[in-house]
1. Taking only segment 310-332 into account, find how many residues are more than 18 Å from residue 145 (Cβ to Cβ), out of contact with any helix residue (DSSP H, G or I) (no Cβ under 6 Å at 6 or more places or on another chain) and surrounded by fewer than 21 Cβ atoms within 10 Å (Cβ to Cβ).
2. Which of the residues spanning segment 67-86 are crowded, with 21+ Cβ neighbours inside 10 Å and in a strand (DSSP E or B)?
3. How about segment 205-215: which of its residues are without any contact (Cβ under 8 Å) to a residue 40 or more places away in the chain and in contact with a helix residue (DSSP H, G or I) (Cβ under 8 Å, 6 or more places away or on another chain)?
4. Counting just the residues of segment 161-172 that are closer than 16 Å to residue 135 by Cα and not in a helix (DSSP H, G or I), which one comes out nearest to the chain's Cα centre (by Cα)?
5. Residue 255 is checked against (1) in a helix (DSSP H, G or I); (2) without any contact (Cβ under 8 Å) to a residue 24 or more places away in the chain and fails just one. What number does that condition carry?
6. Would you mind finding the one in 249, 234 that is buried (at least 17 other Cβ atoms within 10 Å of the Cβ), more than 17 Å from the chain's Cα centre (by Cα) and more than 25 Å from residue 193 (Cα to Cα)?
7. Assigned to a helix (DSSP H, G or I) and either crowded, with 21+ Cβ neighbours inside 10 Å or without any contact (Cβ under 8 Å) to a residue 60 or more places away in the chain (or both): does that describe residue 130?
């Protein structure tokens, strides 16, 4: 992969010019992050993630962070469970420094994203989440964007590339092809894979619903530790993201998502046609970079098993050094590099 390190004097000057157009980012911060130095997010950049914007988009009022010049090429980054927009804080700084307009929305049930109507079903099925992001793009008048994500976010990005390829200029998907269906999930996995899905079965019970509701923060910290066993995050880092789980719809949406995937909870008829398309495991034709970490403690498909699903220009990278499930936050430079690489594939 291309690196952002070892800036020449001219490059640093050019970067400073770019940064003058990118709110919330300092050139020194971007340089330090790109060189792999431990540098805290500066106050101005962090404020973009702590004090999110909000926009009416379809069924939701979407809370989102925005970093970079308004005229830059749009990049939309999507988090997973149990994470939030802060997974992309450092990579967003690096992308903004390259002139991209980076938008990081809270998914339904997280952070400052809320439903417009109390009557809307708190539905966590995959096509509904993907439609949220299309509505988000429409609200911001963004015709096409680079879409990247991990966990729920990677699945959502994959779905957008399948159902609305004209809206996706390039794709970055951590753990690759994650589109599934309740029917496909009827097939049992090998015991070691089933073991990693323990929480899905817990969530399928009333005890699991109550347990997650009563212990959301402790539960999600456990997932962080098991999914990224070599990531030494501190309490401040976790608490910054844990605030997103206080959303009033978070528990219901998480439980519905996993029950729906196992065929234990119904979806909505308005999404039946989209789900029927996704159930066929359609190929993805937009330019794509997939990523995997060498220490992912969550269940994930092997890269060689999904490579054939990407029919356009395609590159895969497996990152070394103990990188776990929350890859964008654990390896922000490499994730930003992947976005830039995916963009280059689209040209």
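1. Selection size over segment 310-332: 8.
2. 67, 75, 76, 77, 78
3. 211, 213, listed by residue number.
4. Top of the filtered list is 168.
5. Among (1) in a helix (DSSP H, G or I); (2) without any contact (Cβ under 8 Å) to a residue 24 or more places away in the chain, the lone unmet condition for residue 255 is (2).
6. Numbers: 234 fails: buried (at least 17 other Cβ atoms within 10 Å of the Cβ).
Checking each option against the conditions leaves just 249.
7. On the way: assigned to a helix (DSSP H, G or I): yes; either crowded, with 21+ Cβ neighbours inside 10 Å or without any contact (Cβ under 8 Å) to a residue 60 or more places away in the chain (or both): yes.
Yes: the conditions hold for residue 130.
Each row is one residue, and each column tells you yes or no for (1) part of a helix (DSSP H, G or I); (2) more than 27 Å from residue 159 (Cα to Cα).
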| residue | (1), (2) |
| --- | --- |
| 178 | no, no |
| 189 | no, no |
| 200 | yes, no |
| 208 | yes, yes |
| 213 | yes, yes |
| 220 | yes, no |
| 233 | no, yes |
| 240 | yes, yes |
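The values are calculated or read from the model by the stated rules, or taken from the named source; none is laboratory data. If you're wondering where the values come from, they're calculated on a predicted model, not measured in any experiment. Neighbour counts are summed over all protein chains in view; Cβ atoms, including those assigned to glycine, are modelled from backbone coordinates with ideal geometry.
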